[in-house]
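Have a look at the structure below before the remarks.
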Amino acid sequence: MADVQGTWTAENEQQFWAALNQILSAPCDSYELLDNALRSWLDLVSKARDEYLDDEDEIANCSEQLIHSPLFSANKDYVRTQIIYSLLQEDEYAPLHVIANFLLSDGRAEEETFRQMIKEGCFVRLLELIKGCGGKDSRLHRLLLQLMYEMSRIERLRDEDLMQIDDGFVTYLFQLIEALADDANDPYHYSVIRVLLVLNEQYMVAATSAATEPSSISPTTNRVIKLLGVHGDSYRTFGENIILLLNRETETSQQLLILKLLYLLFTTSATYEYFYTNDLHVLLDVIIRNLLDLPSEMDILRHTYLRVLAPLLAHTQLSKPPHYKRGQILSLIDILRGTGNAHFMPPEPTTIRLLDRVASTPWLAEEEPESPSLSPIGSLSLSQTGSAVSVIAKVSEKPGVKTPSRKSDMAAQAKGKSEHGGSPPRPPPPRTLRAQKSLPEVPRHKHGVPVVHPPVPVPHLHVNGAGQKKMPPKLPPPRRRAKIIAAVGAEVRTPSETPSPIGPAPVS
């Protein structure tokens, strides 16, 4: 509850939620009252962060209560601006945690919040905070990484923001992944990897804009690709994890981010062999599976997969024998072309062109003649395998959109037809029982001649005079037991006689 100075305190969790509700439900008729309510909300939640709000969802609940309160609904722009300014000025970790949580929740609901943060210069502020709180407050560090990722994938960063990223920051992110490589369930993995993926995309977009817009400032080189090309052997865990994420990811925008990075890795000579060969085998399996599972309307994602597949086969260790799954790749090309397959619609021209590019890989062709256009390792040149970076950079999808599955769609359609409308499956035809036929009669004539059956011979029976059957003799009656006197003169009684109670009888 509020004390004399207007500071809100709570002695237990129940009092905390009651005080929070009272702050957010109070009328605010002026900006002064609104500022006081925001300060009270921030102060109360910050103090309770380490006492009652151990779970991140509980802090998110406090942010959601502010978003759905009359205080925010009537003054959205003002409240957002005040909290963004608080992010730029606050130095204590607990209030920063509450501020970052609110901006993340509000930005996911209203993308304009992230755009306003970029305009106000929040990206550089996040760079400072992430590097400063890494080993001091893990909860805040993880949340700031999530906020940077969500903000950076909504809007293009300013050139001056990108120029603030140095090799030290990118190296720091790679080292975080290597340090936590033994804990696959640690959320740092995903948060850090997503930041690196979105930074790579920002570099690609900036490079495309610099080539098409003469007035734009040419940004620095892509530091993500640069460090992987120079120190790739030290950051192998990052490569393993992005293949793992591509295998599990169902969101289209996330798959596109990973594919953009893979495209640059397979079209940059310094990173041709960044991945282990076994990891490339897994990656090829994932790409084949996803291409076969994509519905016909997912052209953008299909084109991006094919643009990555061509340099993957031509520039990496997969170009060297023994060639991995050559037959499956050729089958994939035939299926996507619609050759003799009724389940796949005829592809449009871009898909055909990209499939031809993949099929032109020398070791996929039936005959592999030497060509002057081939590089020394026997793979296609970059001009033959690579699409323009601008094409890859412009590919995007709205966050949160899930990639449909051909298998799941077919199952859902079959289920929908059986449950709603549609032609239900025909019941089996009724079973008709045929009358049982009687056996044919034995013919009495054969070609007009009566059939005479010979008499059945009767076996000869031995009978006695009366004509009766001779009976076997009866068994003799059982012999009666008599007293047997032994040769020594002893008398042996039969069991029916009562023996002497005291030993044998005396000898006479």
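The values are calculated or read from the model by the stated rules, or taken from the named source; none is laboratory data. Predicted, not measured: the structure shown is a model, and the values here were computed from it. Here the Cβ positions follow ideal geometry from the backbone for every residue, glycine too, while neighbour counts run over all protein chains shown. When the accessible area is computed, the model is the full protein with side chains, heavy atoms only, and any ligands, DNA or RNA have been set aside. Shrake-Rupley method; radii C 1.70, N 1.55, O 1.52, S 1.80 Å.
Set the Förster radius R0 to 25 Å, insert the Cβ-Cβ distance between Asp233 and His323 as r into 1/(1 + (r/R0)^6), and round the FRET efficiency to 0.05.
0.50
Provide the solvent-accessible area of Lys47, counting protein heavy atoms only and rolling a 1.4 Å probe, rounded to the nearest 10 Å².
The accessible area of Lys47 comes to roughly 100 Å².
Tell me which chymotrypsin sites (Phe, Trp or Tyr not before Pro) from the stretch 252-353 have a DSSP coil assignment and no more than 11 other beta carbons within 10 Å of their own.
For chymotrypsin sites (Phe, Trp or Tyr not before Pro) across the stretch 252-353 that sit outside H, G, I, E and B with at most 11 neighbouring Cβ atoms in 10 Å, the list is empty.
Can you give me the solvent accessible area of Thr277 with a 1.4 Å probe, rounded to the nearest 10 Å²?
That residue has around 60 Å² of solvent-accessible surface.
Enumerate the amide H contacts of Glu251 below 5 Å, restricted to partners 5 or more residues apart or on another chain; note that Pro and chain-start residues carry no placed amide H.
Thr403
Please work out how much length the chain gains when fully extended from Ala359 to Leu88, using 0.36 nm per residue of separation minus the C-alpha to C-alpha distance, in nm with one decimal.
Full-extension gain reported as 92.3 nm.
When N counts the residues of the stretch 1-143, how does its alpha-carbon radius of gyration compare numerically with 2.2 N^0.38 Å, as a ratio?
1.01
On each of the three principal axes of the Cα atoms of the stretch 52-125, give max minus min coordinate, whole Å, ordered largest first.
34, 29, 18
Just by accessible area at a 1.4 angstrom probe, what is the order of Arg142, Arg80 from largest to smallest?
Ranked from most to least accessible, the order is Arg142, Arg80.
Ignoring ligands, DNA and RNA, how do Glu348, Glu51, Glu11 rank by accessible area with a 1.4 Å probe, largest first?
Greatest to least solvent exposure: Glu11, Glu51, Glu348.
So which of Lys47/Lys136; Lys260/Lys402; Lys325/Lys394; Lys119/Lys402; Lys76/Lys260; Lys47/Lys131 end up more than 27 Å apart by C-alpha?
Lys325/Lys394; Lys119/Lys402; Lys76/Lys260
Say the dipole of the stretch 8-84 comes from +1 at the beta carbon of Lys and Arg and -1 at that of Asp and Glu; which of Trp17, Leu34, Ala60 then lies farthest toward its positive end?
Leu34
Given a Förster distance of 41 angstrom, what is the FRET efficiency for Arg108 paired with Asp334, based on the Cβ-Cβ distance and rounded to 0.05?
The value I calculate is 0.45.
Between Asn61 and Ser269, with labels modelled 7 Å along Cα→Cβ, what's the label distance in nm to one decimal, could you check?
Simple spin-label model gives 5.9 nm for this pair.
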